[in-house]
Amino acid sequence: MASAFAARALDAHPRSIAEARRTVRATLRDWDLAELSDSVECVVSELVTNAVRHGVPGASPLPVPEPQPVTLTLVRRGGEVVCAVFDPGEGVPAPCEADDIAESGRGLQIVATLSDAWGWSAPGPVGKAVWSRFTAPAGTGGPADVDTGGDGDRDCEWQSFARCLALLESLVPGRRAVPAPAVA
């Protein structure tokens, strides 16, 4: 079973969205999961856009004084990839009904449509991580065809992912890690 991890610190600036897409494309190519690139890049664009626009207090078109307040992470297990975007904001992400002529407000609907699952967690006393999970199509001959075991293995992997979120949060100056809850 192939597992891997990648992370990228991002500024609270719109240019970080393109940087996040480049990181996703290169990482998935290196992991032989290029078939997921289009969907994961689109979702990461939405998540980083939300983090920059809503998750960084006082964010403006200019970088905020705190360096790299947004973090993109990618975790791979076989043919599954979970991407998570951390930001210091306290707002809870929730899909909304956008007006027919609105230019924004559909990002989380896009995330829900393109991913297998998505959600958010508050791995520390400040901030949140919004995550999305993808599975490569079977039969491609790549890592998606690796047997990842039964549901018990998946629960264990999700618990490991929750611990990883807490660890990453603890690496941000001024924050302390909160133990990840056990998966039932």
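Taken together, the values in this text are just the output of simple stated rules run on the coordinates, not laboratory data. Fair warning: this is a prediction, and the values are worked out from it, not measured in the lab. FYI the Cβ positions are ideal-geometry reconstructions off the backbone, even for glycines, and counts take in every protein chain you see.
To make sure I understand, if each residue's beta carbon is the centre and we count other beta carbons within 10 Å, what order do I110, I17 fall in, fewest to most?
By the 10 Å Cβ count, ascending, the order reads I110, I17.
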Residues meeting the amide H criterion for G89 (H placed from the backbone, H to H distance under 5 Å, 5 or more places apart or on another chain) are K128
Each label sits 7 Å from Cα toward the beta-carbon; between F5 and A122 the label points are separated, in nm, by 2.4
Descending packing, highest mean Cβ count within 10 Å first, for 114-121, 21-28, 75-82 is 75-82, 21-28, 114-121
